[in-house]
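Engineer: My structure is below; once you've seen it, I'll send some questions.
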Amino acid sequence: MEQALYGPDGFYRRPGAGPAAHFRTSAHNPVFAEAVARLLLRVDERLGTPARLDFVDMAAGRGELASGVVRWLAAEAPEVAGRLRTVAVDLGPRPDGLPEAVEWATAAPSGVVGLLFANEWLDNVVCDVAEVGADGTARIVEVETASGEERLGAAPDAGQREWLARWWPLERTAGTRAEIGLDRDAAWRAAVELLDRGVAVAVDYSHGAADRPRFGTLTGYRDGHQVPAVPDGSCDITAHVALDACAAALGSGVETVLTTQRDFLRDLGVSGARPDLALASSDPLGYVRGLSRASAAAELTEPGGLGAFGWLVAFSSC
Ligand SMILES: C[S@@+](CC[C@H](N)C(=O)[O-])C[C@H]1O[C@@H](n2cnc3c(N)ncnc32)[C@H](O)[C@@H]1O
């Protein structure tokens with residue numbers, strides 16, 4: 001997975017349009033950028049309007065979210081935009097067309113005072129898969145990288161067994177699987193530690209202890225289609241995230257909230273309600289704009305789609 005996504009010929013190392021060429025995320029929806037900008041305004045208030053307010057778009061793709069947030073704040077909250085340092089973090093070179101106000105970095109800065117936001121990052125952080133074999137014991141799945149053919153290898157090591165026992169206990173039924181979230185937990189802990197004061201948010205496909213998928217979720221995406229997870233660099237490789245485990249990895253000193261995108265965005269005022277029909281005759285253009293906004297909001301809050309994504313919110317010294 002590491003080589004297939006991030007190696008020299010890895011899926012995420014390719015030049016071009018980036019993830020947006022293969023699948024759509026919330027970051028490609030303009031209403032999302034506005035909502036995240038509104039969240040940043042709340043964080044700013046909570047921090048007492050610091051002289052420098054940071055917005056870190058972690059695992060930024062081509063910086064779509066960072067660009068949207070910067071543009072919205074410049075138009076709607078210029079005083080805050082004047083104090084804002086925006087850093088988009090991803091592995092490749094700076095994408096063309098990124099607004100000048102967005103810094104580009106291949107590693108996230110430390111000492112962040114503000115909001116660190118990671119949309120669909122953790123599902124791309126590598127994970128080992130354990131599968132129960134015919135003898136009823138768990139083994140780590142090994143993959144032939146060119147064909148995707150699988151076989152069962154060694155037993156999980158002690159750390160993996162501990163994680164499985166706590167977060168994703170396997171039945172003894174052959175073929176049942178678990179995706180071991182140790183690296184996601186560590187990645188998230190390290191990201192939150194970059195905050196001096198502020199809020200970190202991880203948004204992702206997720207599951208909790210009560211609804212782990214029996215056969216796992218590992219899959220591939222290419223050109224807008226779900227494809228087998230062949231780790232040859234030709235497709236995205238992703239698995240849903242045990243966000244409850246990521247939350248616990250922060251330790252008891254960090255306050256966390258785990259909710260859904262639908263609920264969080266509704267609280268930020270994102271609504272898929274249609275504009276008043278009377279507007280259609282008094283301001284037809286305004287009505288069309290309102291409809292388009294409502295449909296973008298509906299995409300983000302749809303209970304069977306993006307609205308079901310998990311939002312893990314961590315508050316650090318604020
Ligand atoms: C599914 S894409 C999401 C992109 C964007 N956040 C969005 O929502 O459209 C995952 C991104 O995570 C990036 N990524 C993975 N690990 C990373 C790391 N350690 N540092 C920076 N970026 C990383 C990949 O390069 C890829 O662009």
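The values are calculated or read from the model by the stated rules, or taken from the named source; none is laboratory data. Because the structure is predicted, anything quoted here is derived from the model rather than measured. Note that we place each Cβ from the backbone using ideal geometry, even for glycine, and neighbour counts take in every protein chain shown.
Engineer: Which of (1) more than 20 Å from residue 120 (Cβ to Cβ); (2) assigned to a loop (DSSP other than H, G, I, E, B) is the odd one out, the single condition residue 270 does not satisfy?
Structural biologist: Looking at each condition in turn, residue 270 falls short on (1).
Engineer: Residue 214 passes all but one of (1) assigned to a loop (DSSP other than H, G, I, E, B); (2) closer than 20 Å to residue 1 by Cα; which number fails?
Structural biologist: (2)
Engineer: For residue 211, are the conditions met, namely being away from the ligand (no atom under 16 Å from the Cβ), at pLDDT 95 or above and of a type outside the set (Gly, Ala, Ser)? Give the steps one after another, and end with the answer.
Structural biologist: Numbers: away from the ligand (no atom under 16 Å from the Cβ): yes; at pLDDT 95 or above: yes; of a type outside the set (Gly, Ala, Ser): yes.
Yes; evaluated as a whole, the condition is true for this residue.
Engineer: Tell me, which residue of region 22-32 that is within 11 Å of the ligand (Cβ to nearest atom) and part of a helix (DSSP H, G or I) is surrounded by the fewest Cβ atoms within 10 Å (Cβ to Cβ)?
Structural biologist: Step one: of region 22-32, the residues within 11 Å of the ligand (Cβ to nearest atom) are 22-29, 32.
If we keep only those that are part of a helix (DSSP H, G or I) too, we end up with 26-28, 32.
Values: 26: 23, 27: 26, 28: 17, 32: 26.
Among those residues, the one meeting the criterion is 28.
Engineer: Would you mention how many residues in region 48-60 are surrounded by fewer than 24 Cβ atoms within 10 Å (Cβ to Cβ) and not aliphatic (A, V, I, L, M)?
Structural biologist: Selection size over region 48-60: 4.
Engineer: Which residue pairs have Cβ atoms closer than 7 Å, lie 6 or more positions apart in sequence or on different chains, and pair a first residue in region 198-224 that is free of Cβ contacts under 8 Å to residues at least 24 places away in the same chain with a second residue that is aliphatic (A, V, I, L, M)?
Structural biologist: 219/229; 220/227; 220/229; 220/230; 220/237
Engineer: So is residue 41 among the hydrophobic types (A, V, I, L, M, F, W, C) and out of contact with any Asp or Glu (no Cβ under 7 Å at 6 or more places or on another chain) or not? Talk me through it step by step, then tell me what you get.
Structural biologist: On the way: among the hydrophobic types (A, V, I, L, M, F, W, C): yes; out of contact with any Asp or Glu (no Cβ under 7 Å at 6 or more places or on another chain): yes.
Against the criterion (among the hydrophobic types (A, V, I, L, M, F, W, C) and out of contact with any Asp or Glu (no Cβ under 7 Å at 6 or more places or on another chain)), residue 41 qualifies.
Engineer: Criterion first (of a type in the set (A, V, I, L, M, F, W, C), near the ligand (Cβ under 8 Å from one of its atoms) and not in a strand (DSSP E or B)) does residue 51 satisfy it?
Structural biologist: On the way: of a type in the set (A, V, I, L, M, F, W, C): yes; near the ligand (Cβ under 8 Å from one of its atoms): no; not in a strand (DSSP E or B): yes.
No, not satisfied.
Engineer: Identify, please: which residue in region 207-266 is of a type in the set (Asp, Glu) and under 18 Å from residue 121 (Cα atoms) and is, among those, surrounded by the most Cβ atoms within 10 Å (Cβ to Cβ)? Reasoning before the result, please.
Structural biologist: Going residue by residue through region 207-266, those that are of a type in the set (Asp, Glu) are 211, 223, 232, 236, 244, 255, 263.
If we keep only those that are under 18 Å from residue 121 (Cα atoms) too, we end up with 236, 244.
Values: 236: 21, 244: 19.
Only one residue fits best here, namely 236.
Engineer: Within region 79-108, take every residue that is in a strand (DSSP E or B), within 15 Å of the ligand (Cβ to nearest atom) and among the aliphatic types (A, V, I, L, M) and give me the one that is surrounded by the most Cβ atoms within 10 Å (Cβ to Cβ).
Structural biologist: Our first condition is that a residue be in a strand (DSSP E or B); within region 79-108, this holds for 84-89, 102-105.
With within 15 Å of the ligand (Cβ to nearest atom) added as a condition, the list becomes 86-89, 102-105.
From the residues that got through so far, the ones that are among the aliphatic types (A, V, I, L, M) too are 87-89, 102, 105.
Details: 87: 22, 88: 28, 89: 23, 102: 22, 105: 13.
Going through the qualifying residues, I end up with 88.
Engineer: Just one of 66, 35 is modelled with pLDDT of 95 or more, within 11 Å of the ligand (Cβ to nearest atom), in a helix (DSSP H, G or I) and surrounded by 17 or more Cβ atoms within 10 Å (Cβ to Cβ); which is it?
Structural biologist: So the residue among 66, 35 that is modelled with pLDDT of 95 or more, within 11 Å of the ligand (Cβ to nearest atom), in a helix (DSSP H, G or I) and surrounded by 17 or more Cβ atoms within 10 Å (Cβ to Cβ) is 66.
Engineer: Given the condition over 18 Å from the mean Cα position of the chain (by Cα) and part of a strand (DSSP E or B), answer yes or no: does some residue in region 228-243 qualify?
Structural biologist: no
Engineer: Condition first: farther than 21 Å from residue 189 by Cα, in contact with a Leu (Cβ under 6 Å, 6 or more places away or on another chain), of a type in the set (A, V, I, L, M) and modelled with pLDDT of 95 or more. Can you find one or more residues in region 148-155 that meet it? Let's see the steps before the verdict.
Structural biologist: If we filter region 148-155 for residues that are farther than 21 Å from residue 189 by Cα, which is where we start, we get 148-155.
Of the ones still in play, those that are also in contact with a Leu (Cβ under 6 Å, 6 or more places away or on another chain) are none.
Taking every residue of region 148-155 in turn, none turns out to be farther than 21 Å from residue 189 by Cα, in contact with a Leu (Cβ under 6 Å, 6 or more places away or on another chain), of a type in the set (A, V, I, L, M) and modelled with pLDDT of 95 or more.
Engineer: Separate question: Test residue 111 against the criterion of being within 23 Å of the chain's Cα centre (by Cα), in contact (Cβ under 8 Å) with a residue 60 or more places away in the chain and loosely packed, with under 15 Cβ neighbours inside 10 Å, and give yes or no. Can you show your working first?
Structural biologist: Numbers: within 23 Å of the chain's Cα centre (by Cα): yes; in contact (Cβ under 8 Å) with a residue 60 or more places away in the chain: yes; loosely packed, with under 15 Cβ neighbours inside 10 Å: yes.
Yes.
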